[in-house]
Each structure stands twice: as C-alpha cells, then as structure tokens.
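For reference, the structure is listed below as structure tokens.
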Amino acid sequence: MLHYAISGLLIAVVGVVGIQLPNLTGRYPVGTVSLELIDDSRIDPFTPNPQPRDIMVSVFYPTSTTAITSGNYSFAPYFSSSKTAAAFDSYLGNSTEILGIATQSYYKAPIANNDFPVLIFSHGLGSSRFMYTAQLEALASQGWIIVAPDHPYDALITEFPNGNVIRIDPSVLDDFPSKMPSLVEVRVADVGFIASALKNSTTLSQIPGLISSGGTLRSNRIGIFGHSLGGNTAAQAVSNSSKFPCGANFDGGIFGPVAKSGLDKPFLQIEAQDHPQTSDATFAKFWVQLRGFRREFMVNGTVHVAFMDIPVLRDLLGEAFPVQLRNQSGTIAGERVLEIETALTDTFFAFCLKGTSADELDHLAQGRFPEVSIP
C-alpha cells in the first residue's frame with residue numbers, strides 16, 4: 001500500500017532572484033513539486049525501529065508559458081530548507097550562499113499535459129537528489145517528466161514534511177565496496193516502488209494540473225538513469241524489471257548480480273576522463289556483458305563529481321565556492337558539461353522510448369561535442 005504527502009518543504013519559494021541556475025535550453029518551462037511516498041509493503045532495513053520505507057522524491061515536468069504568465073508562480077529554491085542546505089556546507093561552503101540560489105523550475109506550476117515520457121533518476125552514494133537539480137530541470141525542459149528520489153540512509157540528508165531528518169548512516173561508508181550490492185538491492189526496490197506509485201491515482205493527484213490533463217502518466221515504460229551508485233542502481237533495475245526497458249549510467253562502478261548477468265536491453269555508459277573503462281575493472285567486465293544496444297562515451301575535462309551540479313555551482317558561486325573542491329571539480333565549464341549530459345541523456349532515451357534513430361546519439365560525439373570521445 002502507498003501513503004503519500006505533499007511536501008511542505010518548498011514553501012520558501014524564491015521571490016527576488018539573485019544567483020540562479022543556468023537558463024533552460026529546451027522548448028518548455030519547467031515546474032516542480034516534492035512528494036513523500038511511503039511503501040507499506042517494505043520495512044526499511046536501516047531504521048533502528050521497524051517502520052515502512054519512507055521516500056522523498058522531486059518531480060520535474062514541462063509546464064507552459066501560458067500557465068506561468070497567467071499564474072503567480074515563483075522559482076523553487078535549490079535546497080528545500082536551511083537545514084538541508086547546512087548539511088552541504090562541507091561540499092559547498094557557507095549555506096547562506098547556497099540558500100540564495102534559485103532554480104529555473106516554478107514551484108507547483110501545472111504540468112503542460114500528460115503525454116510526456118517518464119524517467120527516474122538515482123543519485124550517488126552520500127549525495128542528494130538536490131545536487132542534480134540543474135541537470136534534471138534541463139532535461140525536463142526537453143519534454144520529460146523526471147522523478148528523483150532521495151534514498152534514505154545513504155543520501156547525505158533526507159528531510160520530510162513533518163520536519164524529521166534522516167542523515168546518512170555512517171556504517172554504509174565503512175568498507176562500502178562490500179556493501180554496494182546490498183545498497184543497490186534496497187535502491188532497486190525504491191525505484192520499482194516509485195514506478196508502481198506513478199500508476200496510483202492518489203500519487204498522481206499531487207502533481208499539479210495532471211488530473212485536468214487526463215490523470216495518468218506514460219508509466220508502462222520508464223527510463224532510468226543515475227550517477228555513481230545511482231548508475232549501478234539503474235543497471236540492476238533494468239535487469240530486474242520489465243518496467244525499465246533501458247537505462248544509463250553516469251560514471252558508476254557496476255557491482256552485484258547485473259555485473260555478471262549483463263543486459264539484453266539498451267544501455268548507455270558515460271565516463272569521466274579520470275575514471276575510464278581502462279581504470280575500472282567493473283566497467284570492462286560489464287561492457288562485454290551488454291548484449292543489447294550499447295554506447296560508451298567519455299567526457300574530457302570531467303572528474304567523477306562533474307556529473308553532479310558541482311561545476312555549475314562552482315561557476316555560479318565563484319570565490320564563495322570552496323577552493324579545495326574547485327580544484328577537484330574538473331576543468332570543463334559548468335554550463336558545457338550540463339549541455340553535454342543533457343544532450344546525451346535526452347538523445348539516448350529518445351531512441352529508447354520515442355523510437356528516434358540511434359544515429360543521433362553517435363552524431364553528438366562525432367561533431368557537436370568534441371569533448372565527447374569513445375574510449
């Protein structure tokens with residue numbers, strides 16, 4: 001059984017915009033809302049006291065210019081609250097600077113229609129769904145509905161509408177390579193539950209404007225992608241379930257059953273320049289087990305964290321951005337890596353879910369983006 005709650009965390013919308021994420025490049029403006037989804041069919045394996053698995057998700061979706069101009073909608077803040085922002089001080093410096101950042105997504109703006117395909121995104125270990133906002137809203141502007149959960153206890157912080165906070169369980173970081181398969185197992189159950197919840201009328205009624213647009217989503221075939229451990233999650237979810245016909249991995253090592261079984265479905269591998277297949281045995285072993293459509297690209301000038309919003313925030317915050325992290329965020333410009341990852345993801349899932357030609361994906365590496373190479 002599914003419980004739900006509309007998130008009350010984003011009430012502090014941004015009225016006067018100072019620092020803002022890069023302009024969207026797609027044809028649609030974007031709306032966003034957060035939902036709390038409770039899976040009564042599972043006991044959370046991390047909780048000290050037995051209770052159902054409780055998950056927060058952000059939803060990004062196309063809205064319309066007409067709706068934005070006729071309604072009183074404001075940009076959502078980058079982080080949902082000062083408490084969440086403060087948790088990222090070690091990443092990004094002073095949380096006061098972080099709280100001043102606005103997204104390009106309008107809080108609770110109505111969805112344009114219900115005919116957009118759906119993608120689920122899974123974050124990296126110790127990160128958060130918020131740390132990928134620029135990428136997710138950019139992709140939504142291309143005509144996708146993006147659902148991004150926090151995976152409680154391996155996300156840095158998960159904050160709920162009632163004010164409760166779950167911080168990362170330090171034990172998951174102890175000898176984490178040995179724990180990755182079990183972490184992925186929990187995450188795969190999370191995304192499978194979310195895919196099912198997207199068929200539930202109670203959940204769908206919480207997406208602004210959806211009921212008047214038909215009340216359903218194109219949730220029979222959902223694409224899934226992720227970064228780092230989230231990429232491993234995507235691969236395993238594609239292997240486990242017919243709900244996910246294809247997936248993409250941004251620079252995540254591959255562990256668990258899918259590393260041995262491989263995939264017969266389309267899969268995209270994106271690697272950082274400092275983490276190519278030649279330096280990660282899990283990449284090479286997984287690659288030869290991909291029996292369906294497969295593509296592998298490396299983005300020059302990137303490091304592992306460049307597939308988060310780190311380069312974008314680095315460029316936005318300037319001197320306020322921590323020097324140590326600036327020197328470990330790659331050399332590629334934030335807006336450029338955002339453009340590349342959006343184009344690769346959009347084009348791959350258009351091939352998989354919309355039936356466009358796979359040639360378009362190859363053209364990106366062969367002409368439009370000289371930074372993209374085939375390892």
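Sort out which residues of the range 158-203 are small (Gly, Ala, Ser) and part of a helix (DSSP H, G or I), and write them in order of number. Break it down stepwise before answering.
The first filter runs over the range 158-203 and keeps only residues small (Gly, Ala, Ser), leaving 163, 171, 178, 182, 189, 192, 195-197, 201.
Those that are small (Gly, Ala, Ser) and part of a helix (DSSP H, G or I): SER171, SER178, SER182, ALA189, GLY192, ALA195, SER196, ALA197, SER201.
When LEU173, LEU210 are checked against the criterion of being under 24 Å from PHE349 (Cα atoms) and not hydroxyl-bearing (Ser, Thr, Tyr), LEU210 stands alone in meeting it.
Quick grid of which residues meet (1) free of Cβ contacts under 8 Å to residues at least 12 places away in the same chain; (2) surrounded by fewer than 22 Cβ atoms within 10 Å (Cβ to Cβ); (3) among the aliphatic types (A, V, I, L, M); (4) in contact with an Asp or Glu (Cβ under 8 Å, 6 or more places away or on another chain):
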{"position": "GLY126", "(1), (2), (3), (4)": "no, yes, no, yes"}
{"position": "ALA140", "(1), (2), (3), (4)": "no, no, yes, no"}
{"position": "LEU156", "(1), (2), (3), (4)": "no, yes, yes, no"}
{"position": "GLU159", "(1), (2), (3), (4)": "no, no, no, no"}
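Condition test on GLY330, is it under 26 Å from TYR61 (Cβ atoms), in contact (Cβ under 8 Å) with a residue 40 or more places away in the chain and either crowded, with 17+ Cβ neighbours inside 10 Å or in contact with a Lys or Arg (Cβ under 6 Å, 6 or more places away or on another chain) (or both)?
no
Residues being touching a residue at least 40 places away in the same chain (Cβ under 8 Å), assigned to a helix (DSSP H, G or I) and closer than 22 Å to LEU24 by Cβ are represented in the range 316-326 by at least one member. Of the residues making up the range 327-357, those that are modelled with pLDDT of 90 or more and not in a helix (DSSP H, G or I) number 8.
So in the range 170-205, with the set limited to residues that are acidic (Asp, Glu) and exposed (fewer than 14 other Cβ atoms within 10 Å of the Cβ), which one is modelled with the lowest pLDDT?
First pass over the range 170-205, keeping only residues acidic (Asp, Glu): 174-175, 185, 190.
So of that shortlist, the ones also exposed (fewer than 14 other Cβ atoms within 10 Å of the Cβ) come out as 174-175.
Values: ASP174: 83, ASP175: 76.
Among those residues, the one meeting the criterion is ASP175.
Residue check: THR278 meets all listed conditions (1) within 29 Å of GLY355 (Cα to Cα); (2) over 22 Å from the mean Cα position of the chain (by Cα); (3) touching a residue at least 60 places away in the same chain (Cβ under 8 Å) but one, namely (1). Which of the residues belonging to the range 218-262 are free of Cβ contacts under 8 Å to residues at least 60 places away in the same chain, crowded, with 24+ Cβ neighbours inside 10 Å and in contact with a Lys or Arg (Cβ under 7 Å, 6 or more places away or on another chain)? Scanning the range 218-262 gives a single hit, VAL238. Whether a residue is among the acidic types (Asp, Glu) and over 22 Å from ALA333 (Cβ atoms) was assessed, and GLU159 passes this test.
Starting from residues that are out of contact with any Phe, Trp or Tyr (no Cβ under 9 Å at 6 or more places or on another chain) and either among the aliphatic types (A, V, I, L, M) or not in a loop (DSSP other than H, G, I, E, B) (or both), keep the ones in the range 38-60 and report whichever is nearest to GLN20 (Cα to Cα). Going through the qualifying residues, I end up with VAL59. Note on the range 267-282: among residues that are buried (at least 17 other Cβ atoms within 10 Å of the Cβ) and touching a strand residue (DSSP E or B) at 6+ places or on another chain (Cβ under 7 Å), the one that is modelled with the lowest pLDDT is GLN277.
Over 30 Å from LEU353 (Cα atoms) and touching a helix residue (DSSP H, G or I) at 6+ places or on another chain (Cβ under 8 Å) - does that describe any residue in the range 59-74? Let's see the steps before the verdict.
Applying the first criterion (over 30 Å from LEU353 (Cα atoms)) to the range 59-74 yields 69-74.
Remaining after also requiring touching a helix residue (DSSP H, G or I) at 6+ places or on another chain (Cβ under 8 Å): 73.
There is at least one residue in the range 59-74 that is over 30 Å from LEU353 (Cα atoms) and touching a helix residue (DSSP H, G or I) at 6+ places or on another chain (Cβ under 8 Å).
Can you report the number of residues in the range 204-240 which are closer than 25 Å to PHE255 by Cα and either part of a loop (DSSP other than H, G, I, E, B) or hydrophobic (A, V, I, L, M, F, W, C) (or both)? Step through it out loud before you land on a result.
Keep residues of the range 204-240 that are closer than 25 Å to PHE255 by Cα, which gives 221-240.
Retained after the next criterion (residues that are either part of a loop (DSSP other than H, G, I, E, B) or hydrophobic (A, V, I, L, M, F, W, C) (or both)): 222, 224-225, 228-229, 234-235, 237-238.
The qualifying residues number 9.
The single residue among ILE43, ILE55 that is at pLDDT 95 or above, of a type outside the set (Gly, Ala, Ser) and more than 22 Å from the chain's Cα centre (by Cα) turns out to be ILE43.
Scan the range 20-36 and tell me whether some residue there is assigned to a strand (DSSP E or B), modelled with pLDDT of 95 or more and among the hydroxyl-bearing types (Ser, Thr, Tyr). Yes: the range 20-36 contains one or more residues that are assigned to a strand (DSSP E or B), modelled with pLDDT of 95 or more and among the hydroxyl-bearing types (Ser, Thr, Tyr). Residues in the range 135-149 include none that are at positive phi and within 14 Å of the chain's Cα centre (by Cα). Residue under question is ARG294, and the condition is that it be within 19 Å of ILE98 (Cα to Cα), surrounded by fewer than 19 Cβ atoms within 10 Å (Cβ to Cβ) and either among the basic types (Lys, Arg) or touching a helix residue (DSSP H, G or I) at 6+ places or on another chain (Cβ under 9 Å) (or both); does it hold? Criteria not met by ARG294.
Of the residues examined, LYS285 is not one that is of a type outside the set (Val, Ile, Thr), over 17 Å from PRO177 (Cα atoms), surrounded by fewer than 20 Cβ atoms within 10 Å (Cβ to Cβ) and without any contact (Cβ under 8 Å) to a residue 40 or more places away in the chain.
The values are calculated or read from the model by the stated rules, or taken from the named source; none is laboratory data. The structure presented is a predicted model; accordingly, all values stated were derived computationally and were not measured. Cβ atoms come from the backbone with ideal geometry, glycine included; neighbour counts cover every protein chain shown.
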